[in-house]
Structures are given as structure tokens and as C-alpha cells.
Amino acid sequence: MKCPWCKADDDRVVDSRPVDGGESIRRRRECGACRRRYTTFERVEDVGLVVVKRDGSKDPFEREKVAGSVRKAIKNRPVSDEQVERLVSRVEERMRRKGPEVTSAQVGVAVLADLARLDQVAYIRFACVYKVLQGFNDFERELVSH
């Protein structure tokens, strides 16, 4: 690690402790050249999550894309931003456990499952797009199944 002041790469760790609930390590370092101290953080590199679409193409998983779809479904519904964030976090966590590659269908089913518990109207709105519900019979079948 290079010293931020003198740029020497001769340092020693004088203190280490877990932070963020054990998700990262905080290290206090002392430069061997100028003797100044500085702090570094060590975290596990984010493991990429890839979504395989119906046509076979692959895109990186994007939380904001999922959140945007959920926000459209909950428009004018009594659902808070915090509830949306928690829903997206749960979906992402489930997909990471299945990963490193998941299908768009798996993401959609996970969103539908959480929306069904959160808000029935939002569930139907999301299902309209995700499941391509087109006629009354499609809606009726979806309502009966949930």
C-alpha cells in the first residue's frame, strides 16, 4: 500500500478491526518512511451477477432496473421507498445465492413473490407486463391463483 503523503510503499499495519458487521476490515497503517498513519478498508470484491435474458443475451444484474420496474407497479399505492428497497435487496440476495448467472424469469418470479406479499394491486400490475396478461381470462386466472 502506498502512503498517501510520501508515496512510499513501506508500511506496517498497527491495528485491524472488523466494521460494517464484519463485511469489511479497517486497518490503521504506519508509513515506514515518513511515520505518518493512515486508514485503509478491505472488502470482498463484489461478485458479478449476470442475468440471462429470454433471447440468450446476458446483462449485469442492475438493482435500479428491478427497482424501476417495482416503482412502476406500485405507482399510487401505499408502498414506501423503504419497502421497495427491502424488496429489491431480498430479490438480489436470492439471486446471488443462485448465481453467478440467473435467468430473467428467475428474477421476475422473485419480484412477483415479494409483490404478492406487499401489495396485491402492484402484483397484478407487474404480472401484466411480466406474464403478458392480455385478456380478461388471463387476469381472472391470475387473480384466482393468488
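Numerical summary
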read-out	value
Residue match in the stretch 73-81 (condition: modelled with pLDDT of 90 or more, more than 18 Å from the chain's Cα centre (by Cα) and part of a helix (DSSP H, G or I))	yes
Index of the failed condition, Ala8 passing every other in (1) in contact with a helix residue (DSSP H, G or I) (Cβ under 9 Å, 6 or more places away or on another chain); (2) part of a loop (DSSP other than H, G, I, E, B)	(1)
Sole residue being at pLDDT 95 or above, among the basic types (Lys, Arg), within 30 Å of Ile124 (Cα to Cα) and open to solvent by 50 Å² or more (accessible area, probe 1.4 Å), chosen from Lys58, Lys7	Lys58
Residues within the stretch 31-66 that are part of a strand (DSSP E or B) and either out of contact with any strand residue (DSSP E or B) (no Cβ under 7 Å at 6 or more places or on another chain) or over 11 Å from Val102 (Cα atoms) (or both), tallied	8
Filtered residue count, the stretch 90-105, keeping only those that are surrounded by fewer than 17 Cβ atoms within 10 Å (Cβ to Cβ) and aliphatic (A, V, I, L, M)	1
The stretch 24-40 residues that are under 9 Å from Asp11 (Cβ atoms) and open to solvent by 50 Å² or more (accessible area, probe 1.4 Å), paired with ones that are among the aliphatic types (A, V, I, L, M) and assigned to a loop (DSSP other than H, G, I, E, B) (beta carbon under 8 Å, 6 or more apart)	Ala33/Ala8
Condition check for Val102: touching a helix residue (DSSP H, G or I) at 6+ places or on another chain (Cβ under 6 Å), closer than 24 Å to Arg117 by Cα and part of a helix (DSSP H, G or I)	no
Of all residues making up the stretch 109-140, the number that are of a type in the set (Val, Ile, Thr) and at pLDDT 90 or above	3
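The values are calculated or read from the model by the stated rules, or taken from the named source; none is laboratory data. It should be emphasised that the depicted structure is a prediction, and the values quoted were computed from it without experimental measurement. Cβ sites come from the backbone with ideal geometry, for glycine too, and all protein chains shown count toward neighbours. When the accessible area is computed, the model is the full protein with side chains, heavy atoms only, and any ligands, DNA or RNA have been set aside. Shrake-Rupley method; radii C 1.70, N 1.55, O 1.52, S 1.80 Å.
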